[in-house]
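Report on the following structure.
Just so it is clear, none of the values below were taken in a lab; they were calculated from the coordinates. The model shown is predicted, which means the values in this text are computed figures rather than measured ones. Glycine also receives a Cβ, built like all others from the backbone with ideal geometry; neighbour counts cover every protein chain displayed.
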């Protein structure tokens, strides 16, 4: 209940806060960014993952499902809100070896 009618900006902020609370209770899966293997298992909430990594949960929220790796506990990790399927892991591995626009990719071969 509010003492006055909310304007659009206030409504948007309220919705945003509501989403944060809901997201804070979602599961968090942590993957090693180099090998794309699940590490640490699954955390039952963002807060539990944040406690484990000694972070604010908003840091995990910022990186969740972005496919952007971050260094935590001396490991390069990715945060996801669900367990990745084999298909998703293959796609991530494929994308991780592709050069970014304007970048070149060096490959080495060996002869027997």
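Among the residues of segment 56-75, those that are farther than 14 Å from residue 34 by Cα and surrounded by fewer than 16 Cβ atoms within 10 Å (Cβ to Cβ) comprise 56, 58, 62, 65, 66, 73.
Checking each residue in segment 79-95 for being touching a strand residue (DSSP E or B) at 6+ places or on another chain (Cβ under 8 Å) and in a loop (DSSP other than H, G, I, E, B) picks out 81, 82, 83, 84. The helices (runs of 4 or more DSSP H) falling completely within segment 1-78 that include 2 or more residues that are out of contact with any helix residue (DSSP H, G or I) (no Cβ under 6 Å at 6 or more places or on another chain), within 25 Å of residue 90 (Cα to Cα) and free of Cβ contacts under 8 Å to residues at least 24 places away in the same chain map to 57-63.
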